1. In whole Hz and in residue order, list the ³J(HN,Hα) couplings for the stretch 29-45 that follow from phi through the Karplus curve 6.51 cos²θ - 1.76 cosθ + 1.60, θ = phi - 60°; x for Gly and Pro.
2. For the stretch 46-139, calculate the relative contact order in percent as a whole number, restricting contacts to Cα pairs under 8 Å that are 6 or more residues apart.
3. Helix-derived [θ] at 222 nm for the chain: sum -39500 (n - 2.57) over DSSP H runs of at least 4, divide by residue count, nearest 500?
Amino acid sequence: MKSFALRENAYAKVNLALDILGKRADGYHDLKTMMASVSLCDDLEITLTPCADGRERFAAESNNPALPTDDDNLAVKAARMFFLAAGVAGYEVHIRIEKRIPVCAGLGGGSSDAAAVLRALSSRFPMPESILESLALNLGSDVPYCLRGGVCLAEGRGERLTPLPSLPDCHIVLTVPPVRVSTAAAFQSVVVPAMKTDWVLLTDALRRRDIAAIAGYMKNSFPDVHSDARECLRRAGALGTVMSGSGPSVFGVFHDEAIANQAVRKLRAIFLNTFLTKPV
Ligand code: C5P
């Protein structure tokens with residue numbers, strides 16, 4: 001048998017709203033969050049080569065040299081877990097990741113890469129949806145959402161998903177201040193706030209496709225990691241701004257493409273990692 005390649009896009013996510021509801025006995029936090037996928041993506045190419053000795057090997061390679069190439073890479077872990085669950089063996093698995101999503105940024109890049117591996121492999125080796133979902137949750141709290149994408153409400157650790165209508169046409173400017181954030185550390189030090197998202201109004205705005213209202217109801221329980229970034233987006237004309245996940249990325253929602261383009265130029269002069277994206 002010859003080798004073959006599977007290709008997938010792994011889209012970044014933003015949290016339009018994120019409430020931390022409380023700490024659980026298992027150390028995780030109960031959340032309620034609305035996530036949306038955006039057009040900034042990594043490209044994955046997974047090459048499977050049957051190996052003569054019948055033993056599987058897994059490795060990754062990336063244009064970003066900071067990415068681990070072994071099992072510390074969530075995409076490699078996803079492939080290994082998938083093969084074990086599927087009872088498939090005897091392949092050398094090589095994952096090439098063209099990385100565009102900044103790492104440790106609150107944009108779900110690693111989770112999305114892992115979900116893309118699960119999607120790609122299940123297109124070749126069919127796997128029941130429920131097993132795929134449990135593999136995803138074992139890989140990380142955001143991976144079940146990344147498997148599905150689009151706009152979803154995520155509850156529990158992040159695995160209880162309710163699909164929601166897509167975002168109306170808009171432009172989302174993402175900017176990543178140069179600060180590294182550890183999600184675990186951010187959760188450890190967070191104080192559960194009293195002020196929560198108005199879910200009724202936010203969901204109603206989404207159903208009415210009212211982008212200005214959606215932007216106005218965006219909220220995040222985590223304190224801003226870099227307060228200037230949101231202020232810059234606000235001054236550049238964003239309808240609303242919020243930090244994504246545990247940060248440090250922040251994003252602004254724009255109705256007008258020209259204003260969004262202008263905002264990207266202004267923000268890039270301060271924060272190199274600024275991206276113009278659209279909902280996908
Ligand atoms: O699930 P994941 O590995 O992405 O989570 C990273 C860390 O973030 C966890 O070890 C946990 O400390 C924290 N976390 C949490 N509650 C969640 C999701 C993550 O406390 N719902």
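What follows draws every value from the coordinates through simple rules; no lab data is involved. Source: prediction; values computed, not measured.
1. 10, 7, 10, 9, 9, 9, 10, 9, 8, 10, 6, 4, 8, 8, 10, 10, 10
2. 35
3. -9500 deg cm²/dmol
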